[in-house]
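Laboratory data are not the source of any read-out in this text; all were calculated from the coordinates shown. Just so we're clear, the structure is a prediction, and the values are computed from it rather than from any experiment. Quick reminder, even Gly has a Cβ in these numbers, built from the backbone with ideal geometry, and neighbours come from all protein chains shown.
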Amino acid sequence: MTISWLQAALLGLFASLASMPGMGGSSIGNYTLGRPLVGGLVSGLILGDIKTGIMVGVALQVLYIALVTPGGTVSADVRAISYIGIPLAILFVHSKGITGEAAIAAAAAPIGAAVGTIGTVLFYGTATTNLLWQHIGWKAVEKGEFKKLYAVDWVYPWISHFVFSFLPTMIITKFGPNMVELMKEHLPMDGFIMKALFTVGALLPCVGIAILLKQIVTKAADFIPFFVGFTLAKSLGLNLVASAVVSLIFAVIYYELEVIKSARLTAPAGGGEFDDDEEDI
């Protein structure tokens, strides 16, 4: 499998739309197109292998499921994960002839982790360049030239994303197969390095789940719903979608209990309506 210039350009375009500060907006860009699950589908469509793209996207989505950017602090960049890491992982999977969900996930995770970390350079490069446009905008406001703000908001940021999103993604994905071929030649599947890579890759999704648990678990009882999902998947053989549907009933029950609890807390202590008007004599 190879990547043409057109395919590389399309990947660069989606990387620009998904990047933060978001060219496609936070909701559509970063939090939708930028998610590895969606990026896997898009990359699969562009490269002509939707199945592998989704499988790689799912593996990397688990790894970065708890990725947040508090105050602009970024540990990994989704544009690089979704539109550089996933295409390169697809190429790697094809070049090695890897099959099976577990094997593909183990192979994709280290590539996504490495590229995601490198992608922080793209994020800070974009953010730093955008400061220049903000400076131009403030100058325009001070002079009362408010029409220039349209260019500051809608035109100039494309320069930042072209330099730090479109070009790097297009170049890396176009010439990335050369690196994949080198890995194929010098890193045999039965060698120590590849075995270590697969071992680490199989463990990396646990890091994402652990970070997510650290954010949402506040008491020991919070682990119960978490383990119920694994129990459903293992004992009943349910997939992720089916487990999510079953979990809706628990969500409804929890919501109803919270409503009842809230109603009790706001109800008058006497249990009935209290009239403090003095009785007429």
Cα-based reach from LYS96 at 22 Å (exclusive), listing lysines while leaving out same-chain residues under 8 positions away: LYS51, LYS174, LYS184, LYS195
Under a crude label model (7 Å from the Cα following the beta-carbon direction), how far is ALA210 from SER27 in nanometres? 3.6
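Assign one of three labels to region 218-267, namely rounded, prolate or oblate, based on the Cα gyration tensor with a ≥ b ≥ c the square roots of its eigenvalues; rounded applies when a/c is under 1.5, prolate when it is not and a/b is larger than b/c, and oblate otherwise. Write out the running numbers ahead of the final one.
Working: a/c = 4.72, a/b = 2.10, b/c = 2.24.
Since a/c reaches 1.5 but b/c is at least a/b, the shape of region 218-267 is classed as oblate.
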Return SER19, SER160, SER82, SER247 ranked ascending by Cβ neighbour count within 10 Å, so the fewest neighbours appear first. SER247, SER160, SER19, SER82
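For THR173, THR32, THR2, what ranking results if the residue with the fewest other Cβ atoms within 10 Å of its Cβ goes first?
On the way: THR173 28, THR32 17, THR2 9.
Least crowded to most crowded, the residues run THR2, THR32, THR173.
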In nm, the gap between the two label points placed 7 Å beyond Cα toward Cβ at THR231 and LEU149 is 5.6
